[in-house]
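The values are calculated or read from the model by the stated rules, or taken from the named source; none is laboratory data. What you see is a predicted model, and the numbers here were worked out from it, not measured in a lab. Note that each Cβ is placed from the backbone with ideal geometry, even for glycine, and that neighbours are counted across all protein chains shown.
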Amino acid sequence: MGVAKFGVIQAKLALLHHPSGSVLSHKHECCSCRSSAAQPRKPISWSLVCGLMLFCLGMISLFTGHVASDLECQRSRNFPDAILERSSNGYLLIGASGGLNQQRTGISDAVVVARILNATLVMFLLSKGFLINSCDHWKKPPYTMRVPRKSPPEYYLDQVLPILQRRSVLQLTKFDYRLANNIDDELQKLRCRTNYHALRFTKPIQELGQKLVTRMRAMAKHFIAVHLRFESDMLAFSGCYFGGGDKERYELGEIRKRWETLTDVDANGERRRGRCPLTPHEVGLMLRALGFANDTYIYVASGEIYGGEEMLRSLGDLFPNFYTKEMLAEEELKPFLPFSSRLAAIDYIVSDESDVFVTNNNGNMAKILAGRRRYMGHKRTIRPNAKRLGPLMMERDQMDWDTFLQARKKS
Ligand SMILES: *[C@@H]1O[C@H](CO)[C@@H](O)[C@H](O)[C@H]1NC(C)=O
Ligand SMILES: *[C@@H]1O[C@H](CO)[C@@H](O)[C@H](O)[C@H]1NC(C)=O
């Protein structure tokens, strides 16, 4: 059994062989609310429309689990025993790059590719320039190739295997999302097993994460984790306006200049089209509208937040029992502070354990957590549909809270 230690993730990969066993394909449930989204003529019916939309959102989110994960997995704990392979077609070198969750996806895919090729997998961390396995005994740099994105297993067999066999050491570069989503059930099962069972956070991270969960649970039986992405670059890139006045327009405008190809966009139009991330305040409003009382305990998982504490306070005002990792652990968090991916890992653990997980984005962490929570089979995830909520939030500014809530209740 090989144990690979990454800064954050540790993997027990003892499962390169995977005999048969069936996996049911996992279809996405969709609920359409188109009928309620028809444009009304009279202004008065807006509140009704908003209410209906909100109601639909609630239904979608709460009852069908409005989640979309790249990784479709059928839950299982009955895995066949690992079978030792006695022969290998060569060494496959793959680097894990990017943030925490991109690395996680990369590692899971790499294990599957190694399985497809019957290769010996050597993984290393690109971002740190750190080799997990010492590769000194390869005298010359390995032959490298880059496979197209989302390649199917056949591509690996037809195009990569011959090269691996000829060279015996092959490095696949830029290995992000290089394996198709739709693969054979057995291979998918291996991918899920790697992602959800084999990959673990290192002990100090796991322990602190669990401590924070315990501290939340000591205060409340149930809590909601809100995963917010609200970094200045991301906001600037969106071209949206978030209510911060001239200061915000100037600051985000300056950042936006970094991307020379970006043209000016109409911030209101973007919002109406649902292209703007929900602000912390809007996420709070949505939760309140969904019926979560103001005494609900909230854990906020986030990195940099544009507008900092003030921006977060707009959520804290709606839910006074509001916590972050910094509030729950001061001294203990210090060793992790220089490493953003370790901090993200701590948020990941608390979010995973929460009773309800809410996110304002569709990034890697949101996707992986949504998938994992569904895989584990008992936890609710709410991912607001910005396309539907964006216009609703705009209208909300023009009606008072009671109308907003009542519209929702009436529907
Ligand atoms: C890998 O090994 C299995 C049996 O252990 C075999 O069925 C399969 O054809 C091999 N694949 C390759 C690409 O060598
Ligand atoms: C929470 O809501 C209740 C009514 O549902 C209200 O009486 C109370 O003042 C609110 N608390 C805060 C801190 O807003």
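From the list 149, 77, the one residue that fits, being away from ligand 1 (no atom under 16 Å from the Cβ), closer than 29 Å to residue 375 by Cα and at pLDDT below 90, is 77.
Test residue 113 against the stated conditions and say whether it is within 16 Å of ligand 1 (Cβ to nearest atom), modelled with pLDDT of 95 or more and closer than 30 Å to residue 339 by Cα. Step through it out loud before you land on a result.
Values: within 16 Å of ligand 1 (Cβ to nearest atom): yes; modelled with pLDDT of 95 or more: yes; closer than 30 Å to residue 339 by Cα: yes.
It is true that residue 113 is within 16 Å of ligand 1 (Cβ to nearest atom), modelled with pLDDT of 95 or more and closer than 30 Å to residue 339 by Cα.
Take the range 322-339 and flag every residue that is part of a loop (DSSP other than H, G, I, E, B) and at pLDDT 90 or above. Scanning the range 322-339 gives 329, 337, 338. If the condition is being of a type in the set (Phe, Trp, Tyr), in a helix (DSSP H, G or I) and within 20 Å of residue 303 (Cβ to Cβ), then the range 223-271 contributes only 237.
On the stretch given as the range 288-321, residues that are away from ligand 2 (no atom under 15 Å from the Cβ) and in a helix (DSSP H, G or I) total 5.
Considering (1) within 17 Å of residue 383 (Cα to Cα); (2) more than 22 Å from the chain's Cα centre (by Cα); (3) crowded, with 20+ Cβ neighbours inside 10 Å, the lone condition that residue 291 does not fulfil carries the number (3). Taking the numbered list (1) more than 21 Å from residue 204 (Cβ to Cβ); (2) buried (at least 17 other Cβ atoms within 10 Å of the Cβ); (3) within 16 Å of ligand 2 (Cβ to nearest atom); (4) at pLDDT 95 or above in turn, residue 285 passes all entries but (4).
Going residue by residue through the range 377-387, is there one that turns out to be within 16 Å of ligand 2 (Cβ to nearest atom) and either assigned to a loop (DSSP other than H, G, I, E, B) or modelled with pLDDT under 90 (or both)? Scanning the range 377-387, I find no residue that is within 16 Å of ligand 2 (Cβ to nearest atom) and either assigned to a loop (DSSP other than H, G, I, E, B) or modelled with pLDDT under 90 (or both), so the answer is no.
Only one residue in 313, 249 is surrounded by fewer than 20 Cβ atoms within 10 Å (Cβ to Cβ) and either at pLDDT 90 or above or not assigned by TED's automatic domain parsing to the domain that holds residue 223 (or both). Which one? Break it down stepwise before answering.
Numbers: 249 fails: either at pLDDT 90 or above or not assigned by TED's automatic domain parsing to the domain that holds residue 223 (or both).
Exactly one of 313, 249 is surrounded by fewer than 20 Cβ atoms within 10 Å (Cβ to Cβ) and either at pLDDT 90 or above or not assigned by TED's automatic domain parsing to the domain that holds residue 223 (or both), namely 313.
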